[in-house]
Amino acid sequence: MTMLGREDVARAFTALQKLLAAQLEVQQQLISALEEKREAVRTADIGALEAASLREDTLLRRLQDLEGKRRTLVGGLSQTVSPGCEAPLTLSELIALADEAVRGRLEELAAEMRATAASVRRQSAILRQASDALGRHLGGILQTMHSALSRAGVYGNRGTVAYSAPLDASLDLQS
């Protein structure tokens, strides 16, 4: 490898380090957004839920963009350090080939990203369970209200209140 090649590789590893740091930062912001969203679901605050969902969506799009850039960089770097490889090297394989000067920081960033990604998955699962529980709860409330207002008092074949009876009243949920 020529000296220019080594400089190019060093610049590419530095760019990878910056890219991983940016991804880590967005992942950490995503955890914060998921916590806000979980709190909004817990308190059934629709406005806060909408704001947190918009923030989450923005962060996910940003993370997707950074991931695309990372894949492109890793693909090019793989071809540079291992010409002829059929598939891009994994991040761990690339880090092992990095100069000692950047290898330590790259390993730290990769480890932090793995831990943060696991936390995002955990937070998402908790949020999904809470949202499902809230949805079932609200569905049950609406079914009970409909039953009380329709005076049906009968259950259909599926074990739910039959909705064939006309409603005598309505309820304003906005006021």
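Any read-out appearing in this document is the output of simple, stated calculations on the displayed coordinates, not a laboratory observation. The shown structure was predicted, so the numbers you read here are calculated from the model rather than taken from an experiment. Please note: Cβ atoms are built from the backbone with ideal geometry, for glycine as well, and neighbour counts cover all protein chains shown.
With only the Cα atoms considered, segment 83-144 has a convex hull volume of 92 Å³ per residue.
Compute the convex hull volume of the Cα atoms of segment 3-150, divide it by the residue count, and report the result per residue in Å³ as a whole number.
Convex hull volume per residue, Cα atoms: 118 Å³.
Put in order of Cβ neighbour count within 10 Å, fewest first, the listed residues Ile95, Ile141, Ile31, Ile126 become Ile141, Ile126, Ile31, Ile95. Available extension along the chain between Arg6 and Asp57 is 14.5 nm, counting 0.36 nm per residue and deducting the alpha carbon span.
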